[in-house]
Structure formats: C-alpha cells, structure tokens
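The values are calculated or read from the model by the stated rules, or taken from the named source; none is laboratory data. Just so we're clear, the structure is a prediction, and the values are computed from it rather than from any experiment. Don't worry about glycine lacking a Cβ; one is built from the backbone with ideal geometry, like all the others, and counts go over all protein chains shown.
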Amino acid sequence: TGLFNRSAFINEAKKQLEQADTKHEYLALLFIDLDGFKKVNDSIDHATGDRVLAQTALRLQEEAPDNHLLCRWGGDEFLLMLANMDEAEVIAKAKSLIKRVSECYEIDNNRITIGATIGVAYYPQHARNEVELIQLADTAMYYQKKRAPSTVGVFSDVLGYKISRELKLKARLADAIENEELRLVY
C-alpha cells in the first residue's frame, strides 16, 4: 500500500502525542476496518483483494491531509491520526472516508463494493499513550461494527464500562460452566 506499517506508525504516533502535549492540542485516532472485504478474497481471489487494499490506501491518502498520519495496521485495517480538528470535523471526516471507501472498485471486469466502519478515540481525553489510543479506537470500531456497520462510533467512558462488564461476564460465565455452578430453574 505504500503506507506506514505498525512499527513506523507507532513511532510517528508517539512523536505526534509528544508534540500535542507540548502544544496542548488534541488528536483523534480513527480505526478503519473494511466491511465485506473477506468476501473479495474468498469469492474472487487474494490478488484482487490486494488490489482493493492498494486502491483503498490511495483513496484514504486522497482524503487525508499531508499533516495527518496514515497506516495500514494489518489485514483490512487502517489507522488515521487527525490533528487540530474538533469532534464535529472528525466525525465529518470519518463519514467522508466511509463514503469514499464505499465507492465501487472496478478490477478485472469485477465490480466490487465494500464498506468501512470507523472507531474514534481522542488524545488525551481517552488515552495517555499511543498503544492505549489504538486499543480504544479499535474497541469503538468493534462495538460500532456489531451495532451499525459502515458508520462511525466514538469511544466513551460508558462504552468502556459496557465492554469491560461484558468481558467480565463472559469470563465469569466460563468459570461458572467449568465449576458446574449453573443449574436450571423453571
């Protein structure tokens, strides 16, 4: 894709967070996950999937101003760090990215349509370092993808609590099954 990989992104993100601290600025991290991409690889082939990823990268580059950091995180996931934008501008940019990524791809006589779900987390509002910021944006994306794919979701303390509670319940339920602590009542 010609974009930063994970290591390069984390190094650059760390620098941007340090600069944001110095300048008392806010940053937004967008975690972009493609919707329906697996079907491209499964129903057509991986070479076509690779071309879709390359074209997606180009579309994201066109939408991302020069002073913003963009990377292919892995698989069909991309990260974009936005600086000097308020929440309304970030949401508008995310919607614009979804619209652009969702435009039809024409590759070898195949018309391919995919979408994108985006999770957003803010620095320093939600996280104090780049790793936590990525995790929270990923969490927001994952939750949004379950709720309403091809839309934007912003991390919040309420969302963090819901997900934490859900993880605890799943862990406790697994323990209860293993320890034979469940019984049927009717």
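Some values worked out for this structure:
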read-out	value
Some residue of region 45-61 being within 17 Å of Arg100 (Cα to Cα) and acidic (Asp, Glu)	no
Selected residue (criterion: surrounded by the fewest Cβ atoms within 10 Å (Cβ to Cβ)) from residues of region 113-140 that are touching a residue at least 60 places away in the same chain (Cβ under 8 Å) and assigned to a loop (DSSP other than H, G, I, E, B)	Thr113
Residue in region 150-172 that is surrounded by 18 or more Cβ atoms within 10 Å (Cβ to Cβ), in a strand (DSSP E or B) and β-branched (Val, Ile, Thr) present	yes
Filter pass, Ala28 being over 13 Å from the mean Cα position of the chain (by Cα) and either modelled with pLDDT of 90 or more or in a helix (DSSP H, G or I) (or both)	no
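To keep it simple, each residue is scored yes or no on (1) modelled with pLDDT of 95 or more; (2) acidic (Asp, Glu); (3) crowded, with 16+ Cβ neighbours inside 10 Å.
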| site | (1), (2), (3) |
| --- | --- |
| Lys39 | no, no, no |
| Gln55 | yes, no, yes |
| Leu69 | no, no, yes |
| Leu79 | yes, no, yes |
| Glu87 | no, yes, no |
| Leu97 | yes, no, yes |
| Arg111 | no, no, no |
